[in-house]
Amino acid sequence: MPQAVVSIIPLDDRSVNYECLQMLGEAAGFEVRLPPKAWLGTPWRIGEMELLRGWLLEQAQSADALIVAVDTLAYGGLVNSRRSTDSLETVMQRLASLREIKRSRPELTLLAFNVLMRITRSNDAEEEKAYWADYGARIFRLSYLEDRAAMAVAAPAELEEIAALRREIPAALVEDFLAGRTRNHAVNRTMIEWAAQGVFDYLIIPQDDTVDYGWNIAEARRLRHYVNEIGATDRVSIYPGADETAMLLLARYAARCASFAPRVRLRYSGAGADQVITAYEDRPMTEMVKAHLGPLDGVVTEAPDADIVLFVNAPAEAQGNGPEQWALRLNEAEIAALSSASQAALAAYRRHSSGATTLREMHSVRRNLPEFVRALAQEIAAGRTCAVVDVAFVNAGDLALGELLTRMPTLSRLAAYAGWNTAGNTLGCALAHVVIRHLQILHGATLGALAAHARFLFLRLVEDVLFMARLRSQIAVETLPTLGLPITLGHVGEHTETVRAQVEQRLTAAAAQLAQERFVGARLCAGDTCITLEELKVTGVELPWGRLFDLTMDVEAAYAVA
């Protein structure tokens with residue numbers, strides 16, 4: 001039986017939107033096709049929209065399914081969706097090809113996602129319009145307070161603050177930002193209509209970097225109401241997330257091909273963790289799980305025979321900042337061993353960090369990680385399909401949990417792990433992987449698909465635990481100050497190659513140790529097909545946007561047929 005072909009227009013050229021899709025697609029048994037990276041958008045380059053449109057029309061002639069990031073076709077990428085000044089008419093002309101494709105090939109599965117534009121909460125114009133460097137934090141605050149006022153929960157002092165912010169922020173800047181939001185909202189609304197009309201088999205509108213109030217939250221409320229109004233709830237989901245969305249749509253296609261709808265049992269690391277709202281989301285964790293199960297037609301269940309057991313390491317109190325963990329664990333002797341430049345930079349970093357929140361979460365007694373890992377090991381030993389969703393900290397896995405997991409003898413039998421960026425990113429990624437792995441267990445897989453599953457599991461552990469939670473913080477503290485840079489995960493400018501080489505050296509060594517201790521010699525099966533892993537190694541280490549925040553790498557696997 002020939003492989004199904006899935007062609008994807010991703011959000012941009014970062015690994016989670018490119019290499020990860022290739023790897024997951026291979027694990028699902030698909031042939032995944034992606035356009036050249038050079039055509040995709042970055043913070044300094046608008047995507048080649050006309051070339052991408054032509055590529056998509058060509059792919060539509062032979063693919064079995066298309067997954068399309070609407071922002072890439074419409075604006076040239078996720079970053080430019082916030083910067084673009086193009087008219088609504090121009091944007092819609094670019095998207096007309098999606099209707100043409102479905103009209104010419106109605107049997108083709110067309111899955112799409114269109115990001116609900118974020119409101120960055122700091123004075124940082126790296127991925128925003130230039131005025132965000134001076135007014136970003138105040139525009140965010142104005143958005144937050146005005147939505148509270150609209151929802152009749154603003155206190156008198158907040159109403160006074162709104163008036164003060166309106167005086168401080170140039171009206172033209174607010175008007176410009178809201179004009180872009182109005183255009184993007186109109187596109188989102190039209191995409192919902194297209195989903196209801198059958199142009200899309202499924203549409204996700206992920207809310208990028210969400211909080212509980214804001215102009216973006218008001219838009220989400222209006223869009224959810226419209227979905228209900230036109231009866232499109234079976235075709236449209238709206239919830240917090242962004243970069244993981246293509247992975248989830250890939251898993252949806254795999255599940256639909258197999259007529260599978262996952263029943264998921266939840267297991268939290270601490271009592272009450274299910275009710276904590278993480279830093280970039282707008283709802284408790286259990287509700288986040290339910291929302292991400294929507295595209296998969298899945299449900300949460302307490303049944304012992306659930307298809308999947310999702311182990312969720314959620315915050316006990318408030319989500320800490322993952323990259324701070326390593327720096328905050330340093331003792332006096334370790335600090336004294338640092339260079340004088342690193343010591344000075346570390347002192348400044350600690351003064352301006354959110355360390356109090358991170359420290360409380362690191363030392364909380366309201367989560368019991370050893371018991372959490374023991375329970376995980378028992379479920380794996382019982383033959384259940386288990387995934388770990390690691391969201392106690394934002395932008396990195398939990399360093400303490402990672403240390404426990406990497407000591408677990410049956411780590412290689414874990415179906416999925418994720419702990420990167422926001423809780424929405426982590427959750428969607430882990431769900432996509434665990435569903436694909438469970439389908440392997442149910443229906444079998446090729447040798448290559450089994451190896452792809454192992455590669456993706458290893459990649460996520462290496463990147464989210466070894467790199468994000470430990471090595472990148474270590475490099476930021478130990479190396480960047482000696483180059484005259486502050487402790488940062490942002491751009492390192494002319495030092496990019498020096499920093500990249502440091503990452504490659506340390507990461508490949510740490511990955512080799514993890515592979516040797518927990519993966520080499522492990523036997524993985526799917527139906528009657530089994531492999532024994534002989535080698536897993538990290539290759540192609542890059543910093544795609546010239547900063548420590550993002551990482552691109554590949555994982556190569558060698559195996560014997562078991």
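The values are calculated or read from the model by the stated rules, or taken from the named source; none is laboratory data. Remember, it's a predicted structure, so these values are computed and weren't measured experimentally. Don't worry about glycine lacking a Cβ; one is built from the backbone with ideal geometry, like all the others, and counts go over all protein chains shown. Heads up: the accessible areas ignore ligands, DNA and RNA and are worked out on the full protein's heavy atoms, side chains in. Shrake-Rupley method; radii C 1.70, N 1.55, O 1.52, S 1.80 Å.
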Determine the gain in length on full extension of the stretch residue 488-residue 407; use 0.36 nm per residue of separation and subtract their C-alpha separation, reporting nm with one decimal. 26.2 nm
For residue 87 the rounded accessible area (nearest 10 Å², probe 1.4 Å, non-protein molecules ignored) is 60 Å²
Could you compute how much accessible surface residue 185 exposes when probed at 1.4 Å, giving the result in Å² to the nearest 10? 30 Å²
Per the charge dipole of the chain (beta-carbon charges, Lys/Arg positive, Asp/Glu negative, Cα centre), the residue among 172, 84, 519 reaching farthest to the positive end is 519
Where the accessible area of the range 262-363 is counted over protein heavy atoms with a 1.4 Å probe, how much of it, in %, is carbon and sulfur? 52 percent
The range 480-562 - percent relative contact order, Cα under 8 Å, separation 6 or more: 29 percent
What share of the DSSP beta bridges in the chain is antiparallel, in percent to the nearest 5? 30 percent
Compactness of the range 475-562, expressed as Rg and Dmax over alpha-carbon positions, Å: 17.0, 56
Could you pull out every one of the lysines with an alpha carbon less than 26 Å from that of residue 537, ignoring same-chain neighbours closer than 8 positions? 37
Given [x] 31.5, 99; [y] 25.7, 85; [z] 22.9, 70 as possible values of Rg and Dmax of the Cα atoms in Å, the one from the coordinates is [z]
May I ask you to derive the relative contact order of the chain, considering only C-alpha pairs under 8 Å and at least 6 residues apart, and to give it as an integer percent? 13 percent
Round to the nearest 10 and report in Å² the accessible area of residue 55, as given by a 1.4 Å probe over the protein chains' heavy atoms. 30 Å²
The chain, accessible area per residue, ligands and nucleic acids excluded (1.4 Å, Å²): 37 Å²
So what is the 222 nm mean residue ellipticity for the chain from helices alone, if each DSSP H run of at least 4 adds -39500 (n - 2.57) and you divide by all residues, rounding to the nearest 500 deg cm²/dmol? -14500 deg cm²/dmol
If you average the C-alpha positions of the range 247-291 and of the range 170-210 separately, how far apart do those two centres end up, in angstrom? 24 Å
Distance in nm between pseudo-label sites at residue 336 and residue 261 (7 Å out along the Cβ direction from Cα): 6.4 nm
